[in-house]
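Structure record follows, encoded as structure tokens.
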Amino acid sequence: MSQLYHSLEELKFDNSFVNNLPADPIEDNYCRQVSNASFSNVKPKLSSAPKLISFSAEMAAALNLHESVCRSKTFPEVFSGNKILSKMHPHATVYGGHQFGNWAGQLGDGRAINLGEVLTKDNTRWALQLKGAGPTPYSRTADGLAVLRSSIREYICSEAMHHLGVPTTRALSICLTGEEVERDMFYDGNPEKELGAIVCRVAPSFTRFGHFQLPAATQNYDLLRELINYTIRFDFPEMELRVDNTKQFSNESILEWFQEVCQRTAVMVVEWMRVGFVHGVMNTDNMSILGLTIDYGPYGWLEDYDPSWTPNTTDANDRRYRYGNQPQVALWNLVQLANALYPLIKESRPLEKALESYQTTYDQYYKSMLASKLGLKEFSSKTDDRLTKDLFQLLSKVETDMTIFFRKLALVQKTENFFNEETAYKILLPAYYKAEENSDQYKSDLNAWLKSYNRRLQDERSSADERQRAMNQVNPNYVFRNYLAQLAIDEASTGNFQPVNDLLSVLKKPYSNDESNNEYAQKRPEWARHRPGCSMLSCSS
Ligand code: AMP
Ligand code: MG
């Protein structure tokens, strides 16, 4: 305990981004196009009545903060942006991006203000960022603020993903600002006042593909190179790449780094597929260079297994960002990043080769992920291509809750009566949304699949117990179901924040099985099927 800080002033700031990259010389806070710079200095807006709703004890500990610091009066002052610590350096960074497939030009941190980076006692670098702390030069026509509902969704999901083992940006805290924010949630001309909130996000860095795309698009290749040099040095120190005598990374090193980005992105998307996460807005400005899930907007969790599902109402027609399209979109986004690097590399073949490594990493990791979901030690194409294809077909045939199905499958494979149709079906029953509609044909298909699965399990040397334990470590019991988020939001809007904290504490142990938390492991209730916030979300946040 003595190693933990008892005051925020003890945090060691080391603001590498602002110390190594060029600043916008204009200090006034108005919307503008910014060239030849990577960030603008900007102060958070003052909040009239900052109030802490929740903090993540794990994130605080990772920052060496004693819990008493999080409960202090100063904490909400600092993490609502009212009090700037002496070593902080508030700024907004500039980036561009492709939105829904079209180049959108300059975007930037429109409602995110970076406070700086801290180095922890073990030399880990964490950047702190306030989301919703007021306008910046990159706010375009918007207000730079965030409302309580979207902030709760970002806060809980960041930590839930971390505990699921999915690469993600983190969250330290969520505070109310005391202000009201106007939002037209349904884009139907009926704006309403909502409570304003600020999440303190935390990540090694918040650099996005779009950070590299913008200087490439404006042909500012010196700045592009500077940003790449900076990123490799600070975000990929373990790569130990070579610098040449001009203190710049060679093209060879840049390519090696790009390949690493491709591979990390592949791993991230496989993890999304494993837990049924749909990002919802995979624009290139929402793709982290570190392969972290970033920008929790209109995301959602697959309930019934449906690869064409998207939570984002803005994307309802094209479904560009549907669950099943995420692997392809990630590759498309990497191609845009490759295009941004091309002016420096000047050869397409090596960039293509790195892009190919996305596909090979994805395929390999995806297969081993599927094997682990089924309790198999290894994916053997000879048998498992067919086994998994048949399984996903089965899951699509009737409305089947993906999370519950895999969790229950571990119980089926453990029973002695594996071949007993009725026993197996009874175990899987909680996964069906309309069990009464399951036809005899479906049941016989299910049984046929279970038989081939059982045959496959005979090849494994592990015991049923071992397999069940292994399956329960990759198939979560508790995920941040869309309707659970909405229930916590409904309560928070009336001033009751207990459900936010309760939900967070359950989601910290997603693979556990605790009878007293059973209500969090149930499929979506019927009332939530079409309720906004539960089944679909707009980008309004
Ligand atoms: P998103 O797709 O939500 O990640 O946002 C796309 C761009 O819009 C980013 O540059 C954001 O900073 C900006 N943005 C979104 N909401 C707001 C807001 N309320 N105020 C200012 N900028 C915003
Ligand atoms: Mg964004």
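The values are calculated or read from the model by the stated rules, or taken from the named source; none is laboratory data. Since the model is a prediction, treat every value here as computed from it, not as a measurement. So basically every Cβ, Gly included, is an ideal-geometry build from the backbone, and we count neighbours across all protein chains shown.
Quick check on Pro237: is it modelled with pLDDT under 95 and either in contact with a Lys or Arg (Cβ under 7 Å, 6 or more places away or on another chain) or within 29 Å of Lys45 (Cα to Cα) (or both)?
Considered against the rule, which asks whether it is modelled with pLDDT under 95 and either in contact with a Lys or Arg (Cβ under 7 Å, 6 or more places away or on another chain) or within 29 Å of Lys45 (Cα to Cα) (or both), Pro237 comes out as no.
Within the stretch 96-138, which residues are hydroxyl-bearing (Ser, Thr, Tyr) and either under 19 Å from the mean Cα position of the chain (by Cα) or away from ligand 2 (no atom under 12 Å from the Cβ) (or both)?
Thr120, Thr124, Thr136
Looking at the stretch 251-267, can you tell me whether even one residue there is outside the structural domain of Leu46 (by TED's automatic domain parsing), at pLDDT 95 or above and not in a helix (DSSP H, G or I)?
Looking for residues that are outside the structural domain of Leu46 (by TED's automatic domain parsing), at pLDDT 95 or above and not in a helix (DSSP H, G or I), one finds none in the stretch 251-267, hence no.
Can you find, within the stretch 45-66, the residue that is nearest to Ala133 (Cα to Cα) among those that are of a type outside the set (Ser, Thr, Tyr) and either without any contact (Cβ under 8 Å) to a residue 40 or more places away in the chain or part of a strand (DSSP E or B) (or both)?
Leu46
If I go through the stretch 282-300 residue by residue, how many of them are more than 9 Å from the chain's Cα centre (by Cα), under 15 Å from Thr265 (Cα atoms) and within 11 Å of ligand 2 (Cβ to nearest atom)?
7
Does any residue of the stretch 501-523 turn out to be within 23 Å of the chain's Cα centre (by Cα) and free of Cβ contacts under 8 Å to residues at least 24 places away in the same chain?
yes
Go through the stretch 517-528 and give me each residue that's part of a helix (DSSP H, G or I) and under 17 Å from Arg407 (Cβ atoms).
Asn517, Asn518, Glu519, Tyr520, Ala521
For the stretch 25-33, indicate whether the set of residues that are polar (S, T, N, Q) and modelled with pLDDT under 95 is non-empty.
Within the stretch 25-33 (the criterion being polar (S, T, N, Q) and modelled with pLDDT under 95), the answer is no, since none of the residues qualifies.
Does Leu148 count as away from ligand 2 (no atom under 16 Å from the Cβ) and either over 19 Å from the mean Cα position of the chain (by Cα) or under 19 Å from Val278 (Cβ atoms) (or both)?
no
What pairs come up if the first residue lies in the stretch 131-146 and is assigned by TED's automatic domain parsing to the domain that holds Cys31 and under 23 Å from Ser158 (Cα atoms), the second is near ligand 1 (Cβ under 7 Å from one of its atoms) and of a type in the set (Ser, Thr, Tyr), and their beta carbons are under 8 Å apart, counting only those six or more places apart or on different chains?
Ala146/Ser541
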